[in-house]
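Step one of this worksheet: look at the structure below.
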Amino acid sequence: MDIIFVRHGEAEKADTGMDDSERRLTPKGEHDIKKTAVMIKKHVKTGNEIYIWSSPAVRAIQTARILADELEITTISSFDFIWNGDFSGFSMETGNYGGNTTLIVTGHEPHLSSWSEMLQGARIEFDKGTAAGFGIQNMSPLEGTFLWVVQPDTDTEENKDDGDTLLQNGKRQAEGKKKSSGLKKKSKSEREKKRRITRNEYSNILESNMQDIAARKESFLKDPDDIEQVHQLRVKIRHLRSLVSFIKPMLDEQLYAGIQEKLKSSAQRFSYIREIDVLAKGWAALRWENPDLFMDSDLLTGVLKGEREKEKNTLFVFLSEGGFDAELQEAFNGIRASAVYGEAAAGRIGDSMRDPVFEEFTEARFAQWRKKVEKEMKILDFSSQIELHALRISFKKLRYVNDSLMPYKRGGKWGLSEFEVMQDNLGDICDIYRNVAVLQKLKSIADIPNLQYEAGIYIGYQILHRERLLKKLKKTLK
């Protein structure tokens, strides 16, 4: 994956009463970005899928559209985490994309400079219209190497030149900046100091997640047939639950219980439709791999489609009429009223963790969670669906929080790579328990021989697959 950061072009000054996000590009700003777009195009690898992300600010969206026109891209995605400078939110979203991808991000200062430093340890100052490219070497944590930088205006002579000369000047400028303080590599201790987590940073992470949930809800309402929107909305809510759970020692017990109750209720509303989507995808794959088993019979597909349509309509009404918003707003208000949003958090981090430094709290809390997971692994009863599910949830919470705090963790990752395969296996095992239960329910809808046959075959396949996964998990944990 390659990532290209682009600062928006020159924007108009804000009139009295104008919101900063409403400022538009000036004619010069538009002209400069067109130059930058030509230079960026020369760096995009042939064959890569190109995605353009933008801050929701008008000047950034305008910048993204100019780039999209030059690169012949029709879709632009807007994310609040770009406007807020939430690198953890950005890192998590990039995890949904493959290696043959060029991701172009239009944003603002000082966030782009900070993000460039988090990516590769050297800070690049982004003047208006500046673009810089990075080659991503590691997705978790998100890390890469600096490749190039271009600017529409470097000096008078360059302003007269065409894109090719500007590109060369941009390369020379990048080389010059590497020698100057602007791109000077910082020591490890200096970089660690910059990445320390604070209560303010954590509240920004929470805020970004809440905004993402609201945005995902709107995306679902626009296209309720997109199964990925359902999945991502549910994941975002569960992610927020994990972040709240992580700071539980800092919260009033009653407040914490109320927040989690609302978030759990919201997430569960999407469970059944997600289960149907997973079953439909698996059923299509099973039929394709084993055409002789089913011949021309395919009643189960129709049943699954019917179930999804009913559930989709129920969800659509609930979300569009405000019930979902009201439920979530109670949780969001509780989070914003929590101690982590203010200095009152100091000294309220549990009997065993009284150090008021939030960074030390996160270190101790994460170690506590990891120790809990390791203990659960040692005593796991593989025949117990309850214990398997509990371990899966512990794994997920650990990974969600790890992903969010990654940019601030001294020394990088908290060493979870060995857990990731196990969590994926656990997820599949637990999903199969639910899949079988849903299939048994659907099987009982009508006493039709072909439907009974199809559902029976699918149930048998699911159980066999679960046993293979359990065997693999046992071997891994030995």
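Which value in nm describes the separation of the simple spin-label points at THR26 and ASN100, placed 7 Å from the Cα toward the beta carbon?
4.3
Kirkwood hydrodynamic radius (Cα pairs, Å) of region 199-477?
Details: mean 1/r = 0.0479 Å⁻¹.
That comes to 20.9 Å for region 199-477.
If each residue of separation counts as 0.36 nm, what is the full-extension length gain between ILE379 and ALA446 once their alpha-carbon separation is subtracted?
Values: separation 67, 0.36 × 67 = 24.12 nm, distance 4.21 nm.
The span from ILE379 to ALA446 would gain 19.9 nm if fully extended.
Students often check this: by mean Cβ neighbours within 10 Å, which of 105-115, 305-315, 441-451 ranks highest, and how do the rest follow?
Output ranking for 105-115, 305-315, 441-451: 105-115, 305-315, 441-451.
Amide H of ARG123: which non-local residues (sequence gap of 5 or more, or other chain) have their own amide H closer than 5 Å, using H built in the peptide plane?
Counting only residues 5 or more places away or on other chains, the set is LYS184.
For MET18 and TYR453, what does the FRET efficiency come to when R0 = 60 Å and r is the distance between their Cβ atoms, rounded to the nearest 0.05?
Details: r = 66 Å, r/R0 = 1.10.
Efficiency, from the Cβ-Cβ distance: 0.35.
Compute the distance from the alpha-carbon center of region 16-60 to that of region 127-148, in whole Å.
So the separation of the two Cα centres works out to 17 Å.
Using packing as a proxy for protection, rank 21-28, 40-47, 201-208 so that the peptide with the highest average count of other Cβ atoms within 10 Å comes first. Could the numbers behind the result be given before it?
On the way: 21-28: 15.6, 40-47: 12.6, 201-208: 21.6.
Packing proxy ranking, top to bottom: 201-208, 21-28, 40-47.
By count of other Cβ within 10 Å, fewest leading, how are LEU304, LEU240 ordered?
Working: LEU304 20, LEU240 27.
Sorted ascending by nearby Cβ count, the order is LEU304, LEU240.
Roughly how many nanometres apart are two label points built 7 Å out from the Cα toward the Cβ at HIS465 and LYS372?
3.0
Once the Cβ-Cβ distance between THR198 and LYS45 is put in as r, and R0 is 35 Å, what FRET efficiency do you end up with, to the nearest 0.05?
Working: r = 38 Å, r/R0 = 1.07.
Approximately 0.40, to the nearest 0.05.
Would you kindly derive the ³J(HN,Hα) couplings of region 112-125 from the backbone phi angles with the Karplus curve 6.51 cos²θ - 1.76 cosθ + 1.60 (θ = phi - 60°), listing them in order in whole Hz, with x for Gly and Pro?
5, 5, 5, 5, 4, 5, 5, 5, 9, x, 10, 8, 10, 8
Between SER77 and LEU255, what's the calculated FRET efficiency when r is the beta-carbon distance and R0 is 45 Å? Round to 0.05. Walk me through the intermediate numbers first.
Numbers: r = 34 Å, r/R0 = 0.76.
E(calc), rounded to 0.05, equals 0.85.
Around SER78, which amide H atoms from residues at least 5 apart in sequence, or from another chain, sit under 5 Å from its own amide H, with H modelled in the peptide plane?
Result for SER78 returns SER54.
Pop a pseudo-label 7 angstrom from the Cα along the beta-carbon direction at both GLU309 and LYS281 and give the gap in nm to one decimal.
2.3
Using the Karplus equation 6.51 cos²θ - 1.76 cosθ + 1.60 (θ = phi - 60°), what ³J(HN,Hα) coupling, rounded to whole Hz, does each residue of region 130-137 give in order, writing x for Gly and Pro?
3J(HN,Hα) across region 130-137, in whole Hz: 6, 10, 9, x, 9, x, 7, 9.
Check TRP148: other-chain or 5+ apart residues with amide H under 5 Å from its amide H, H built from backbone geometry?
Result for TRP148 returns GLY133.
Can you work out the Karplus-derived ³J(HN,Hα) for every residue in region 249-260? Use 6.51 cos²θ - 1.76 cosθ + 1.60 with θ = phi - 60°, whole Hz, and x for glycine or proline.
Running phi through 6.51 cos²θ - 1.76 cosθ + 1.60 with θ = phi - 60° gives x, 8, 10, 4, 4, 5, 4, 4, 4, x, 4, 5 Hz.
Every read-out reported here was derived from the displayed coordinates using simple, explicitly stated rules and does not represent laboratory data. A quick note: this is a predicted structure, and the numbers were derived from the prediction, not measured. For neighbour counting, all protein chains shown are included, and Cβ atoms are generated from backbone atoms with ideal geometry for every residue, glycine included.
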